[in-house]
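Visitor: Before I ask anything, here is the structure I am working with.
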Amino acid sequence: MTPASQAVPPTELDKLTGNIHHGPIHAPQPGATATLIHDCRELFKVKVVTLVLVTGWGGFYLGSMQSGISTMQRGLLDTLLGIGLVSGGAGALNEALERKIDARMVRTADRPMAAGRISLAQGVLAGLAVLALGAWWLLVHTNLLTVALALLTAFTYVAIYTPLKRFTTMATFIGAFPGAMGPMLGWTAARGRIEWPAVALFAILFVWQFPHFMAIAWLYREDYARAGIRMLPVVQPDGWSTVAQALFFAVVMIPVSLAPWGLGLAGLPYAVPAIVLGLVYLAYTIRFARILHATTETESRMVARDLLKVSVLYLPLLFTTLMLCAKAGY
């Protein structure tokens, strides 16, 4: 007898209650929901977006302080939501362009588009939809200047920085511009114009990125070389240029971090911790120079990873200190 002929016929109660199954129940595969959530987080680069939102919050907070208005208001949430959507959409479009490159690198091979779990069409449509939604949201809840800057940031990141990575090491320098726009967007959303304090916040983010990027580039230089991305450690593998660039910007970081103090955004209670944090960042960047004489790959990776960790701690600590010590303006 076949399985179908062995099936128990429906009872009269089943017929009366309508409790009759006409076929198998289709349920999601175990872990499918978790995989989808993970893929969405990777597609929209949630970790990167989080950093943008933290710095965007700092810009909005400080801009609101200068305007003498509340720093905790509905406008903050609207601004962060719009910035987050634009950043997430740009991240998805970046992954669409780099899906083949990502597939060649160990650290990115499991990204949803690189692994084929999300198609090119799905990724592009999702990226464009989220980016457009974010731009519309900012237009409704902030101002035209913030929308224009957000779209310019997304365009620079996706259409200029992303393709240039395969051709020149200057891509890192160019990519630092959209990477530094978070606090500028927050400031313009609060104030409606670009001002010198906003430029100072932009400069902090811009300069901070280089020791951070050099540590990442050194850690994953083999991956980048395999994918054909022309990061500095790939083009000049001896490490001298990588160390020199990281050291230069770590030194510049100290006076740049003091710019908000010089512009009157904060007083001495900010300046002293900023100097201390800058010296710690510089010390770990000097230590990073040990990659030039490391006897083992383990030692080389250790000093690079330590600089990366310190860079990730430095930025939120600096911005938190600035926000706590900020002066109100009118």
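Visitor: Could you tell me whether segment 301-310 includes any residue that is within 18 Å of the chain's Cα centre (by Cα) and closer than 30 Å to THR71 by Cα?
Guide: There is at least one residue in segment 301-310 that is within 18 Å of the chain's Cα centre (by Cα) and closer than 30 Å to THR71 by Cα.
Visitor: May I ask you to verify whether GLY116 is crowded, with 22+ Cβ neighbours inside 10 Å and either free of Cβ contacts under 8 Å to residues at least 60 places away in the same chain or basic (Lys, Arg) (or both)?
Guide: No, not satisfied.
Visitor: Sticking with this structure for a sec: Could you tell me which residue of segment 171-214 is least open to solvent (accessible area, probe 1.4 Å), considering only residues that are part of a loop (DSSP other than H, G, I, E, B) and farther than 21 Å from GLY262 by Cβ?
Guide: Result: MET181.
Visitor: Do we find that LEU128 is surrounded by fewer than 20 Cβ atoms within 10 Å (Cβ to Cβ), touching a residue at least 24 places away in the same chain (Cβ under 8 Å), among the hydrophobic types (A, V, I, L, M, F, W, C) and closer than 30 Å to GLY228 by Cβ in this structure?
Guide: The answer is yes for LEU128.
Visitor: Here is a further query. Counting just the residues of segment 38-60 that are in a helix (DSSP H, G or I), open to solvent by less than 50 Å² (accessible area, probe 1.4 Å) and not aliphatic (A, V, I, L, M), which one comes out farthest from GLY264 (Cα to Cα)?
Guide: The extreme case among them is ASP39.
Visitor: Same structure again: Inside segment 61-97, can you point out the residues that are of a type outside the set (A, V, I, L, M) and open to solvent by 10 Å² or more (accessible area, probe 1.4 Å)?
Guide: TYR61, GLN66, SER67, GLY68, SER70, THR71, GLN73, ARG74, GLY75, ASP78, GLY84, SER87
Visitor: Right, here's the next one. Taking LEU292 as the residue in question, decide whether it is more than 29 Å from ALA198 (Cβ to Cβ) and surrounded by fewer than 15 Cβ atoms within 10 Å (Cβ to Cβ).
Guide: Yes, satisfied.
Visitor: A further question follows. Take VAL272 and decide whether it is β-branched (Val, Ile, Thr) and free of Cβ contacts under 8 Å to residues at least 24 places away in the same chain.
Guide: So VAL272 passes the test.
Visitor: Looking at this structure, is SER64 without any contact (Cβ under 8 Å) to a residue 60 or more places away in the chain and among the hydroxyl-bearing types (Ser, Thr, Tyr)?
Guide: Here the answer is no, as SER64 does not meet what is asked.
Visitor: Related question: If you go through segment 224-241 one residue at a time, do you hit one that is farther than 20 Å from ARG107 by Cβ, modelled with pLDDT of 95 or more and in a helix (DSSP H, G or I)?
Guide: There is at least one residue in segment 224-241 that is farther than 20 Å from ARG107 by Cβ, modelled with pLDDT of 95 or more and in a helix (DSSP H, G or I).
Visitor: If you don't mind, another one. Of everything in segment 70-109, what is part of a loop (DSSP other than H, G, I, E, B), in contact with a helix residue (DSSP H, G or I) (Cβ under 8 Å, 6 or more places away or on another chain) and of a type outside the set (Lys, Arg)? Give them in sequence order.
Guide: Result: SER70, THR71, GLN73, GLU98, MET105, VAL106, THR108, ALA109.
Visitor: Another question, if that's okay. Do the conditions hold for THR168, that is, is it under 29 Å from ALA294 (Cβ atoms), open to solvent by less than 50 Å² (accessible area, probe 1.4 Å), touching a residue at least 12 places away in the same chain (Cβ under 8 Å) and out of contact with any helix residue (DSSP H, G or I) (no Cβ under 8 Å at 6 or more places or on another chain)?
Guide: Answer is yes for this residue.
Visitor: Which is buried (at least 17 other Cβ atoms within 10 Å of the Cβ), of a type in the set (A, V, I, L, M, F, W, C) and in a helix (DSSP H, G or I), of ALA244, ALA283, ALA274?
Guide: Checking each option against the conditions leaves just ALA274.
The values are calculated or read from the model by the stated rules, or taken from the named source; none is laboratory data. All values derive from a computational prediction rather than experimental measurement. Note: ideal-geometry Cβ built from the backbone for every residue, glycine included; neighbour counts use all protein chains shown. Accessible surface areas use protein heavy atoms only, side chains included; no ligands, DNA or RNA. Shrake-Rupley method; radii C 1.70, N 1.55, O 1.52, S 1.80 Å.
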